[in-house]
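Notes follow once the structure below has been shown.
Values in this text are rule-based calculations from the coordinates and carry no lab data. These figures come from a predicted structure and were not determined experimentally. FYI the Cβ positions are ideal-geometry reconstructions off the backbone, even for glycines, and counts take in every protein chain you see.
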Amino acid sequence: MIKQRSNVVINLTTGGAPTMPIEERVRPAATFAPEVASLNLGSMNFGLFGMLDRFGDQLEHEWEKTYLSNKDIIFRNTFGQIEHVLTTCAGNETRFEFECYDTAHLYNLKHFFDRGMVAAPLFIQTVFGLQAESARIRRT
């Protein structure tokens with residue numbers, strides 16, 4: 001409905017939370033067939049603990065502090081999971097914004113490109129250094 005009534009591009013994520021299974025993460029893009037969906041090109045360490053410095057005294061619930069202080073979070077996005085997203089959305093004309101959080105993710109993208117699972121032109125977003133980004137947010 002948004003697409004028919006406006007001149008905007010909707011970009012849905014296939015990332016979600018590190019605790020979500022891949023089937024749940026891809027469901028919005030598979031269901032709503034957006035023009036663009038983001039796709040992380042690999043697994044990464046995921047630390048939100050830097051947010052405690054910024055929001056620690058504003059947290060209302062103990063679970064928030066526990067969740068943010070966790071230094072053992074891994075955002076899993078294996079080759080199998082990436083392939084699942086690509087094949088699940090293959091028939092709905094969704095283009096991907098490929099999120100590369102590490103230089104190795106660029107090689108992962110090349111793997112899928114060489115196998116014909118993604119096509120040019122490629123829309124690549126690089127976000128090198130999650131902890132550096134978290135530190136910048138704290139200073140502002």
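Numbers at a glance
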{"read-out": "P(r), alpha carbons of region 1-91 - 5 Å bins starting at zero, rounded %", "value": "3, 12, 19, 16, 14, 13, 12, 8, 2, 0"}
{"read-out": "At R0 = 30 Å, FRET efficiency that the Cβ-Cβ distance of H61 and V36 yields, to 0.05", "value": "0.30"}
{"read-out": "Rounded tilt (10° steps) of 103-114 against the dominant C-alpha axis of the chain", "value": "20 degrees"}
{"read-out": "I124-K71 FRET efficiency (beta carbon distance; Förster radius 25 Å; 0.05 resolution)", "value": "0.30"}
{"read-out": "The chain - mean residue ellipticity at 222 nm from DSSP helices (-39,500 (n - 2.57) per run, n ≥ 4, rounded to 500)", "value": "-12000 deg cm²/dmol"}
{"read-out": "Distant-in-sequence amide H partners of N11 (H built 1.01 Å from N, under 5 Å)", "value": "none"}
